[in-house]
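The values are calculated or read from the model by the stated rules, or taken from the named source; none is laboratory data. Since the model is a prediction, treat every value here as computed from it, not as a measurement. Virtual Cβ from ideal backbone geometry, glycine too; neighbours counted across all protein chains shown.
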């Protein structure tokens with residue numbers, strides 16, 4: 001069902017599968033052959049070597065164990081046995097070697113989930129060696145005590161070597177994974193249909209078919225839930241907080257919550273005055289009462305946080321969250337010296353379909369006026385938003401910060417490094433002498449125990465001299481029709497597809 005001009009238009013797929021359960025996501029979770037993963041991990045089609053459990057704790061998936069050797073420059077990975085890909089071919093050490101060869105050939109590949117960047121994901125990886133059919137060794141040119149944390153989820157997705165072109169990394173068929181579901185039907189930006197993998201080595205999925213539709217509009221997802229054309233929503237920002245509250249007023253619906261790997265962030269272009277002065281960035285952070293912001297505009301779907309390292313990361317530390325408007329005014333006055341400035345705050349349209357970003361922007365507009373900053377809010381489609389951001393043609397923007405894996409260096413290098421992704425892609429202009437020194441120091445530390453004090457200090461630098469302003473940590477809050485389906489449990493990313501079934 002689509003909402004156009006206030007009218008409901010019924011959605012009729014060409015093929016319906018026996019007793020299929022229909023869900024919806026705000027974006028296409030199966031972008032297809034050109035995407036480095038083909039489909040999001042939400043689809044449970046492929047599996048990683050290492051993942052996380054329902055509570056976000058690191059756990060082996062296709063890896064049954066791992067051990068660091070030679071000052072953590074060599075990592076021995078034991079593989080799960082008796083596992084097959086969807087076409088029946090075996091998962092073994094040869095398959096892992098072929099996947100690593102694909103990584104090396106792809107180098108970089110964009111994705112709406114997590115961009116694949118070989119050098120950033122596996123720094124120092126020189127080669128992979130097969131010891132036997134179910135043991136491999138990753139050889140590094142420097143110590144890396146958090147190499148297993150680097151391999152979490154998307155970072156170690158294992159695909160059937162028969163399913164991709166080794167040169168480009170593009171997929172050539174859909175027999176891609178080892179997971180509890182396989183792809184049987186897909187239309188770009190419309191839907192993907194998943195079928196239970198009856199040869200799965202683990203617990204079999206409860207439902208034979210699950211269809212996940214792509215419905216970008218939050219209002220249309222809301223209407224489809226009410227009309228029982230879909231029975232649940234998945235993915236980040238699956239339902240806006242305001243519409244979630246309305247749905248929960250109907251006894252048919254319930255919400256499953258879990259912690260999430262995302263932070264809600266206000267990106268600041270620190271290459272432009274007055275934001276090039278770290279006192280002004282600190283003022284922007286101090287002026288925000290995060291409790292009020294998240295209660296009012298996220299309706300319990302986010303928690304206050306100020307740390308660039310999401311709370312799910314095992315190395316995250318608790319940092320004090322300070323709201324002090326008077327101090328914010330004092331810092332702003334020192335920088336502006338009586339002047340008022342105009343600032344442009346960008347919001348991507350897709351963000352409005354997931355979160356209450358317009359209301360958040362208006363709240364910030366009101367707050368920052370007291371600091372001498374007059375904000376104009378600019379809403380852009382995704383491509384225009386990306387273009388202006390990459391040109392550095394903005395002052396502020398709202399968005400999310402994902403946690404691609406659990407290695408703290410991934411986030412630290414992205415946000416604190418001079419040549420980090422935020423500086424190179426979004427022209428943020430961040431530099432901190434101490435952070436730069438500490439990031440270089442990490443390379444020479446071979447144990448986690450040696451690295452933890454550095455991790456802790458870098459997190460503190462993240463609030464003393466913010467590279468971006470963290471507003472809160474997202475919750476994975478998923479609405480579903482409890483009257484019709486059960487087993488709908490939010491994970492830290494996605495939902496427990498394998499336990500969903502009709503009542």
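Does residue 288 qualify as being crowded, with 21+ Cβ neighbours inside 10 Å, under 21 Å from residue 367 (Cα atoms) and outside the structural domain of residue 150 (by TED's automatic domain parsing)?
Judged against the criteria, residue 288 is a match.
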Tally of residues being farther than 21 Å from residue 463 by Cα and touching a residue at least 12 places away in the same chain (Cβ under 8 Å) across region 321-337: 1
Test set (1) in contact with a helix residue (DSSP H, G or I) (Cβ under 9 Å, 6 or more places away or on another chain); (2) free of Cβ contacts under 8 Å to residues at least 24 places away in the same chain - residue 205 fails condition number: (2)
Selection within region 240-259 - assigned to a loop (DSSP other than H, G, I, E, B) and modelled with pLDDT of 95 or more: 249, 250, 251, 252
Sole exception among (1) under 28 Å from residue 243 (Cβ atoms); (2) in contact (Cβ under 8 Å) with a residue 24 or more places away in the chain; (3) outside any loop (DSSP other than H, G, I, E, B) for residue 374, by number: (1)
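Can you find a residue in region 160-175 that is buried (at least 20 other Cβ atoms within 10 Å of the Cβ) and part of a helix (DSSP H, G or I)?
yes
Yes/no matrix, rows are residues, columns are (1) under 22 Å from the mean Cα position of the chain (by Cα); (2) more than 29 Å from residue 109 (Cα to Cα):
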residue: 188; (1), (2): yes, no
residue: 202; (1), (2): no, yes
residue: 209; (1), (2): no, yes
residue: 215; (1), (2): yes, no
residue: 240; (1), (2): yes, yes
residue: 257; (1), (2): yes, yes
residue: 266; (1), (2): yes, no
Looking only at region 298-316, and only at residues there that are within 17 Å of the chain's Cα centre (by Cα) and more than 21 Å from residue 54 (Cα to Cα), the one that is surrounded by the most Cβ atoms within 10 Å (Cβ to Cβ): 308
